[in-house]
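Peer 1: Right, I'll just put the structure down here and ask away after.
The values are calculated or read from the model by the stated rules, or taken from the named source; none is laboratory data. Everything numeric here is computed off the predicted structure, so don't read it as measured data. Every residue, glycine among them, receives a Cβ derived from its backbone with ideal geometry; neighbour counts consider all protein chains shown. When the accessible area is computed, the model is the full protein with side chains, heavy atoms only, and any ligands, DNA or RNA have been set aside. Shrake-Rupley method; radii C 1.70, N 1.55, O 1.52, S 1.80 Å.
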Amino acid sequence: QVQLVESGGGLVQAGGSLRLSCAASGRIASRYAMGWFRQAPGKEREFVTAISRTGDGTEYADSVKGRFTISRDNAKNTVYLQMNSLKPEDTALYFCAANALVLTTNPHDYDYWGRGTQVTVSS
């Protein structure tokens, strides 16, 4: 069983930055691809970014390319999401997830989920 706990969310003005962290219990280093998803009120959960088990592969949604960066520290069992140039449309509950198979953008492929951390971007 893998438990994931997100942190780092908050309220920020448009153009600002936040860094989210996802801490995993257990030894997940190099065993799981990791992803970040988000869900705004009244909308479906959407893919944001994902990183391969070793960190040498990444995927980004078009809406965040060039602004968000995913990284991981397997020694610390932690995945990060650096978010720059934030926009009001980035406001959502952000979830991290672990996938035992491959780097994928499909939320149905992920086995474990955190409870989320709220990001609110004011205009």
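Peer 1: So for region 35-83, what percent of the C-alpha to C-alpha distances run longer than 17 Å?
Peer 2: Taking all Cα-Cα pairs of region 35-83, the fraction more than 17 Å apart is 36 percent.
Peer 1: For LYS87, LYS76, give the ranking by accessible area with the largest first, probe 1.4 Å.
Peer 2: Largest accessible area first, the list is LYS76, LYS87.
Peer 1: A further question on this structure: With labels modelled as points extended 7 Å from the Cα through the Cβ direction, what inter-label distance (nm, one decimal) is found for SER17 paired with SER71?
Peer 2: A separation of 1.0 nm, rounded to one decimal place.
Peer 1: Run the reach check for LYS87 against aspartates and glutamates, Cα to Cα strictly under 18 Å, same-chain hits fewer than 8 apart removed. What comes back?
Peer 2: Result set, ordered by chain and number: GLU46, ASP62.
Peer 1: Tell me, what is the FRET efficiency for SER63 and ASP109 to the nearest 0.05, using R0 = 30 angstrom and their Cβ-Cβ distance as r?
Peer 2: The pair SER63/ASP109 has a calculated efficiency of 0.90.
Peer 1: Turning to a different aspect of this structure: First measure r as the distance between the Cβ atoms of ARG31 and SER123, then evaluate 1/(1 + (r/R0)^6) with R0 = 30 Å and state the FRET efficiency to the nearest 0.05.
Peer 2: Efficiency, from the Cβ-Cβ distance: 0.15.
Peer 1: I would also like to ask the following. So how do ASP73, ASP62 rank on accessible area, 1.4 Å probe, biggest first, that is with the largest at the start?
Peer 2: So the residues, ranked largest to smallest area, are ASP62, ASP73.
Peer 1: Next up: Compute the separation of the alpha-carbon centres of region 102-120 and region 33-77 and state it in Å as a whole number.
Peer 2: After rounding, the separation between the Cα centres reads 8 Å.
Peer 1: A follow-up question, please. Put a dot 7 Å past each Cα toward the Cβ at GLU46 and ASN84; how far apart are the dots in nm?
Peer 2: That separation, rounded to one decimal, is 2.2 nm.
Peer 1: Follow-up question, since we're still on this one. Where does region 68-123 land on Rg(C-alpha)/(2.2 N^0.38 Å)?
Peer 2: Here the answer is 1.27, to two decimals.
Peer 1: Report the Stokes-Einstein translational diffusion coefficient (µm² s⁻¹, integer) for the chain, Rh taken as the Kirkwood radius over Cα pairs, at 37 °C with viscosity 0.692 mPa s.
Peer 2: Calculated translational D: 233 µm²/s.
Peer 1: If you take the Cα atoms of region 2-57, find Rg, then find the Kirkwood Rh from the mean of 1/r over all pairs, what is Rg/Rh?
Peer 2: 1.01
Peer 1: Something else now. Taking all protein chains together and a probe of 1.4 Å, list ARG45, ARG115, ARG31 from the most accessible to the least accessible.
Peer 2: ARG115, ARG31, ARG45
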